[in-house]
1. Would you mind checking the range 218-245 for residues with the amide N under 18 Å from a putative spin-label position 7 Å along Cα→C-beta of Trp139?
2. What value, in deg cm²/dmol to 500, does the helix sum -39500 (n - 2.57) over DSSP H runs of n ≥ 4 give at 222 nm once divided by the residues of the chain?
3. Of the beta bridges DSSP finds with both residues in the range 34-173, what % are antiparallel, to the nearest 5?
4. Given springs between every Cα pair under 10 Å in a Gaussian network model of the chain, which of Asp110, Asp87, Asp33 has the largest fluctuation?
5. Under 8 Å for C-alpha pairs, at least 6 residues apart: give me the relative contact order for the range 193-240, rounded to a whole percent.
6. Extension gain Glu212-Thr108, at 0.36 nm per residue separation less the Cα-Cα distance, in nm?
7. Using only the alpha-carbon atoms of the range 100-244, report the extent along each of the three principal axes, biggest first, to the nearest angstrom.
8. DSSP loop (so not H, G, I, E, B), at most 13 other Cβ within 10 Å: list which trypsin sites (Lys or Arg not before Pro) in the range 149-217 pass both filters.
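No value in this document is a laboratory result; all are computed from the given coordinates. From a predicted model like this one, the values you see are computed outputs, not experimental measurements. Cβ sites come from the backbone with ideal geometry, for glycine too, and all protein chains shown count toward neighbours.
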Amino acid sequence: MDLELKGKAALVTGGSRGIGKAVAFALAREGADVAICSRHEAEAKAAAEEVAKATGAKVVGFPADTSKAHDIERVVAGTVKALGRLDILINNAARVGGTAPDSLATVTDDLIVSDFETKVLGYVRCAREAVPHMARNGWGRIVNVSGMAARMAGGVSGGMRNAAVANLTKVLADELGAQGINVNCVHPGAVVTELLQNRLQQQASARKVGTEQIEQQMAQNNAIRRIVTAEEIAVVIAFLCSPKAVSITGENIGVSGGGSRAVFY
């Protein structure tokens, strides 16, 4: 299926690895030009070179800490200068859930503030900078990457930040729809990435079993009985970025392989 993204320009935050990098690949393969940002300049540029070489698309990398307003302003301006326009924003830069103590007894004020500065206020700031460029063209797509902790009881900070992103998505969709800008949210669960492999190895070592056993146990929580890959999530996000997804906006879509028993209607 042609997603009609040729000639579009996208910014993917947190795009040097994991879901962000997979999304950059997916959009570039569909003909979009892509800007990748990461806190580490070398990683951002290396990922951009890798995606460009594999797809033939124009891909650029920028350093940016999306918890800082000035960095966001700079990376959006740099994207428009390098690519000539900005049509698509993928809000993805954030701490991966489950990587810090997050119970009432263990969560720190600093963790909560950091989570909200990056994943909530950072998403708001990125949208605020990107939307004027989309509005001028009368077309745009924003996809917010949240997480299944928005739909089930999880960590204190992780749950709050993800629920906030879900609410933000609907608010922005209602506000921006008349300007031709669609806004949606995806909720990944556990995802096969570099960080997950590290977590599996740590758990396997602590329990003195193989990583395969830990992964199989984790996969039993999913309807498809395996852990979803970053590439499979990226395909869904790429579709939401396309003109073909014009009828989908303000939605929160689980991409966890059926990792929740809750029913939404």
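1. In the range 218-245, the label zone of Trp139 (backbone N under 18 Å from the point 7 Å along Cα→Cβ) covers 238-245.
2. Details: 9 runs with 121 residues, N = 265.
Mean residue ellipticity, 222 nm, calculated: -14500 deg cm²/dmol.
3. 0
4. Result: Asp110 has the largest fluctuation of those listed.
5. The value is 25 percent.
6. In short, 34.2 nm is gained.
7. Each principal axis gives a Cα extent; for the range 100-244 these are 57, 37, 22 Å.
8. Hits after loop and neighbour filter: Lys208.
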